[in-house]
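Structure first, commentary second.
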Amino acid sequence: MQINTRRYFNTWATMISAFTGASVLLAQQPQSGRAPSTSPAEGQPRRSDHIHNGIYHFPGIGSNSGYANDDHILVTDPFEKHVVRTMDSLKKSVERAGCTMDSILNLEVFTCLPHAENVAMPTGKARFEAHRSQYGALNKIYGTYFSPGKAPSRAYMAVEWIPGDSLVEIVGSALVVSPKPGA
């Protein structure tokens with residue numbers, strides 16, 4: 001009879017992983033038995049749980065971020081509209097966290113071409129030119145949101161797709177310059 005040590009090792013490793021994973025998950029549960037409230041008190045601005053050591057790390061902000069469903073724009077809307085709405089959402093987000101546009105430390109900007117049945121996807125050199133056109137359009141609008149010489153370091157990437165019917169998404173961090181009371 002041959003013993004399949006691999007099978008026994010996999011079973012043993014799975015049991016250890018499950019046990020240690022469960023203990024990690026249980027250690028992260030709130031002590032009171034209920035989840036902490038994430039909604040702000042009446043009349044208080046919502047505080048971000050993305051602030052660590054005086055730095056606000058903001059997640060992906062796109063052209064529909066912070067807008068009501070009835071004010072949703074589509075990938076077929078002009079690219080410049082996507083840029084303006086994304087930058088406006090970014091400005092609101094950093095200001096809610098006690099930052100300013102000039103206290104942004106770095107940004108990662110993602111753009112994509114529109115994916116829609118009634119819009120032909122360019123190929124070859126035309127695709128390159130479409131991305132380059134977006135880059136130029138973004139730069140014209142982007143610069144107006146910062147004081148002269150205060151634009152943060154930035155990476156710009158053209159990607160295949162961005163969720164949420166957005167053609168632009170921004171991720172980054174900013175220095176908190178005026179902490180809100182109770183922070």
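Readers should treat all values here as calculations from the given coordinates under stated rules, not as data from a laboratory. Because the structure is a prediction, the values reported are computed rather than measured. Virtual Cβ from ideal backbone geometry, glycine too; neighbours counted across all protein chains shown.
Between ASP102 and THR123, with labels modelled 7 Å along Cα→Cβ, what's the label distance in nm to one decimal, could you check?
In this crude spin-label approximation the distance works out to 5.0 nm.
State the extension gain, in nm to one decimal, for the chain segment bounded by ILE55 and PHE146, taking 0.36 nm per residue of separation less the distance between their alpha-carbons.
Numbers: separation 91, 0.36 × 91 = 32.76 nm, distance 1.86 nm.
Fully extending the segment from ILE55 to PHE146 adds 30.9 nm.
Please work out how much length the chain gains when fully extended from VAL177 to TRP161, using 0.36 nm per residue of separation minus the C-alpha to C-alpha distance, in nm with one decimal.
Details: separation 16, 0.36 × 16 = 5.76 nm, distance 3.39 nm.
This chain segment gains 2.4 nm when fully extended.
What is the pair-distance distribution P(r) of segment 51-175, computed from all Cα-Cα distances in 10 Å bins starting at 0, with each bin given as a whole percent?
13, 45, 31, 10, 1
Looking at ALA120, SER153, SER63, which one has the Cα that reaches farthest to the positive end of the dipole of segment 51-175 (charges on Cβ: Lys, Arg +1; Asp, Glu -1)?
It is SER153.
Setting aside same-chain residues fewer than 8 positions from LYS81, which lysines have a Cα under 17 Å from its Cα?
Once the sequence-local lysines are set aside, what remains near LYS81 is LYS91, LYS92, LYS140.
Listed highest first by mean packing, meaning other Cβ atoms within 10 Å per residue, what order do 74-87, 146-159 come in? Walk me through the numbers on the way to the answer.
Working: 74-87: 18.6, 146-159: 11.9.
Highest to lowest by the protection proxy: 74-87, 146-159.
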